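Input: one structure, supplied below.
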Amino acid sequence: MLKGHLDAIVLAALEAGPAHGYAIIETIRSRSGETFDLPEGTVYPALHRLEQAGLLSSAWTTPPGGRRRRVYSLTRAGGAALAQRRKAWDRFSHAVEALLGRKRAWPA
Amino acid sequence: MAGVIDEYLAGLRRDLAFDPGLADRLVAEVEDHLREAVEADPRGATPDAERRAVERFGLAREIAAQCARDAIDRQARRTWATLAIAVVVTFVAMRLRVTWLDDGSPLSLAPLVDRYAFIAALVGGLVAWFARRQSAGALLGCALGLAASIVAGVLRADLFGSGAPPWVVLPAVAEIAMLVVLLAHLAGWLRRLKQTAALRRAGT
């Protein structure tokens, strides 16, 4: 289930600002309350795919005294894609909640 | 003696051999990730910490399989772009050739060959374009276009023995060279297709 939403999760993790792969995975883990403890390697193909699609941009950077690392940022198209996926997710989750009986049908 | 991370990276590079550029990039990124994970390990940067970092990261073959799924679409797009450019350049070269070589003789084959070779190539290209999501159809279309263009190229071999001026011969040479490059590209694409198909099977 998580696999189908990985792209949206990665886009959301980059909403706050540019980050490198390790930090993105840490963000996903902490913001999901450790629920999304996915194999870390699965994020890198997703990052590459999203960059190829123009939703992310990336560049190698070397922080002072640190290791060279690739930092990813959300592009304008990436921001729009995130907003779109968020809307789709809202519709989906409201519908599921309505079906499971915890909420009234949506929209009311 | 190579460490756990070094061995893992070597394996990942082998599994990503279908796309050397991606392999370089991903291996560098993964190395950065794994080294950072080892440094962050509360039990210290030991070989065990390397092993834990690699285990959390997942199997190299599964990561390569994910990349393969994406790469195959990208490679297909590149191939179609190359094919489209080849068809356009072939068309331009053929039109120019007819303009220069049409001697008005009723037995002259050049205009006939050029006209139908291009149409065959175009049909092949269109088949490939519409079949882009089905590799077998795309491959057939690509092969048809190439075959038609190669036939045209072989039939125009008379150009080289006829003492035609260089401005006539050069475009024909350039076109044949381009076809050779396209064939090499197609061969490389087939090789990568085979590798990615193997990875897909391994990853599913």
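Here, each number is a calculation from the coordinates, and none is a lab measurement. Keep in mind that what you see is a predicted model, and the values were worked out from it rather than measured. No Cβ is skipped: glycine too gets one built from the backbone with ideal geometry, and neighbour counts run over all protein chains shown.
Restricted to Cα positions, what overall size does the range A:1-61 have along the principal axes? Three whole-Å values, descending.
29, 23, 19
Using a simple spin-label model with points 7 Å from Cα along the Cα→Cβ vector, what separation in nm is obtained for B:A28 and A:R68?
Placing both labels 7 Å along Cα→Cβ, they lie 0.5 nm apart.
Right, another one. Can you give the FRET efficiency to the nearest 0.05 for A:E26 and A:W60, using r as the Cβ-Cβ distance and R₀ = 22 Å?
The value I calculate is 0.65.
Relative to a virtual label point 7 Å from the Cα of A:R91 in the Cα→beta-carbon direction, which members of the range A:31-54 show backbone nitrogen distances below 18 Å?
none
Based on the Cβ-Cβ distance from B:L190 to B:R61, what FRET efficiency comes out when R0 is 22 Å, to the nearest 0.05? Write down the numbers at each step before the final one.
On the way: r = 22 Å, r/R0 = 0.99.
The computed FRET efficiency comes out at 0.50.
Per residue of A:46-53, count partner chain C-beta atoms within 10 Å of its C-beta, then hand back the mean as an integer. It would help to have the intermediate numbers written out before the result.
Numbers: counts 2, 2, 9, 7, 1, 0, 5, 1.
Mean inter-chain Cβ contacts per residue within 10 Å come to 3.
If packing is taken as the average count of other Cβ atoms within 10 Å, what order do A:71-77, A:87-93 fall into, highest mean first? Provide the component values of the computation, followed by the final result.
Values: A:71-77: 17.3, A:87-93: 11.6.
Put in order of decreasing packing, that is A:71-77, A:87-93.
Across chain A, where is the longest run that never hits GluC sites (Glu not before Pro) in a DSSP loop with at most 15 other C-beta atoms within 10 Å? Please report the intermediate quantities before stating the final value.
On the way: sites that count: A:E15, A:E34.
In short, A:35-108.
For peptide B:23-31, how many partner chain Cβ atoms fall within 10 Å of a residue's Cβ, on average? Mind dumping the intermediate values first?
Numbers: counts 0, 0, 5, 7, 0, 5, 11, 4, 3.
Taking the mean over all residues of the peptide, I get 4.
Counting partner chain Cβ atoms within 10 Å of every residue's Cβ in B:63-71, what's the average? Present the calculation step by step, with values, prior to reporting the outcome.
Values: counts 7, 2, 1, 9, 4, 1, 2, 7, 4.
Averaged over the peptide's residues, the number is 4.
Would you work out the charge dipole size for chain A about its Cα centre, treating the Cβ of every Lys and Arg as +1 and the Cβ of every Asp and Glu as -1, and quote it to the nearest 20 debye? Mind showing how you got there, number by number?
Working: 16 positive and 9 negative charges, 44 e Å.
With only Lys, Arg, Asp and Glu charged at Cβ, the dipole is about 220 debye.
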